[in-house]
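The values are calculated or read from the model by the stated rules, or taken from the named source; none is laboratory data. Given the structure is predicted, the values throughout are model-derived calculations rather than measurements. When we count neighbours, we look across all protein chains shown, and the Cβ atoms used for this are built from the backbone with ideal geometry, even at glycine. Just the protein is used for accessible areas: all its heavy atoms, side chains included, with ligands, DNA and RNA removed. Shrake-Rupley method; radii C 1.70, N 1.55, O 1.52, S 1.80 Å.
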Amino acid sequence: MAEVDDFALLARIASDETLLRYFEWPCDFDVTRREPVEHLHLSSGAPLEPVAGCGSGGTYFLIGERGATRPVIYTNSEGQGGLIANSLREALELMAGIPYWMECLHLTPAELARPEVDLLKKLELDFHEDLPEFDPAAQRAAAAALGISPPNPTRLLRRLRERVARTRPDYIVHTNDGWPYDSF
């Protein structure tokens, strides 16, 4: 499948009930919820465009002007935010490859010290215990329907960590009152 732009990917998800439901849950990426809880801006001044929400009030934003590959920031309802991907396609690879990816943003020092393979196995086990109805075939079908072939989970985790580490200084999210969100 030829690579498509951000809005074609979003439209594809929105127009396919199976894709819409898969990305809505377990990935917590709901393209029908594009209104952020509050108005935010970046420290760099680059424009933010909300493209999806999550069940707990978080928002996904594309950064910059339309027409180019745009990075993705995720903000949660707890006043935290950060860069999660260099493009929407990369963010969808993350969600399709590690649907429990948000858990990777809140790791303890002990968890961070574990070998990545062991950590991912533990997170996946917890995910399957919390969501026993999860269907790996639906996960593979959702990725295939968007023309996505996620890298292995270890690579996805490393890539997420690299992106989050680049949040400062240009991708710090601020409220309209100027208060910065905490980085993940």
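If you count only protein heavy atoms with a 1.4 Å probe, what accessible area per residue comes out for region 35-170, rounded to a whole Å²?
Numbers: 6420 Å² over 136 residues.
It amounts to 47 Å² per residue over region 35-170.
Enumerate the amide H contacts of ARG33 below 5 Å, restricted to partners 5 or more residues apart or on another chain; note that Pro and chain-start residues carry no placed amide H.
GLY53
With unit charges on the beta carbons (Lys and Arg positive, Asp and Glu negative) and the dipole taken about the Cα centre of the chain, which residue among GLY147, THR75, ALA11 sits farthest to the positive side?
GLY147
Quick one: among PRO47, PRO132, PRO26, which has the greatest mean-square fluctuation in a GNM of the chain with alpha-carbon springs under 10 angstrom?
Maximum fluctuation in the GNM of the chain, among the listed residues, is at PRO132.
Given a Förster distance of 30 angstrom, what is the FRET efficiency for HIS106 paired with GLU65, based on the Cβ-Cβ distance and rounded to 0.05?
Values: r = 32 Å, r/R0 = 1.06.
Given R0 = 30 Å and the Cβ-Cβ separation, E is 0.40.
How many angstrom lie between the C-alpha centres of region 80-156 and region 26-53?
Here the answer is 20 Å between Cα centres.
Given a 1.4 Å probe and every protein chain left where it sits, what share in percent of the accessible area of the chain is carbon and sulfur?
52
Tell me which residues come under 5 Å, amide H to amide H, from LEU40 once H is placed; ignore anything under 5 positions away on its chain.
Answer set, sorted by chain and number: none.
Indicate the gyration tensor shape class of region 1-78 (rounded, prolate or oblate), computed on the Cα atoms with a ≥ b ≥ c the square roots of the eigenvalues: a/c under 1.5 is rounded; otherwise a/b larger than b/c is prolate and the rest oblate.
It is oblate, given that a/c is not under 1.5 and a/b is not larger than b/c.
Please find the FRET efficiency linking LYS122 to GLU49, where r is the Cβ-Cβ separation and R0 is fixed at 45 Å, and quote it to the nearest 0.05.
Step by step, r from the Cβ atoms, then E = 0.80.
Enumerate the residues in region 48-65 having an amide nitrogen under 17 Å from the point lying 7 Å beyond the Cα of ALA138 toward its Cβ.
Correct set: 55.
Between GLU162 and GLU129, with labels modelled 7 Å along Cα→Cβ, what's the label distance in nm to one decimal, could you check?
Using points 7 Å along Cα→Cβ, the separation is 3.2 nm.
Under 10 Å, Cα contacts only: if you run a Gaussian network model on the chain, which one of GLY81, GLY67, GLY53 comes out with the highest mean-square fluctuation?
Comparing GLY81, GLY67, GLY53 in a Gaussian network model of the chain, the most mobile one is GLY67.
Specify the residue with the greatest mean-square fluctuation among SER56, SER149, SER77, computed from a Gaussian network of the chain linking alpha-carbon atoms under 10 Å apart.
SER56
If you average the sequence gap of Cα pairs under 8 Å that are 6 or more apart and divide by the length of the chain, what percent do you get for the contact order?
Result for the chain is 25 percent.
Excluding GLU90 itself, what net charge comes from residues whose Cβ is under 9 Å from its Cβ, given Lys and Arg +1 and Asp and Glu -1?
Values: positive: ARG89, ARG159, ARG163; negative: GLU93.
Net charge in that neighbourhood comes out at +2.
Which of GLY64, CYS54, TRP101 sits farthest toward the positive end of the charge dipole of the chain, with +1 on the Cβ of Lys and Arg and -1 on the Cβ of Asp and Glu?
Looking along the dipole axis, the top candidate is GLY64.
Which label belongs to the value computed from this structure, given these candidates for Cα Rg over 2.2 N^0.38 Å: (1) 1.92; (2) 1.41; (3) 0.99?
Recomputing Cα Rg over 2.2 N^0.38 Å here picks out (3).
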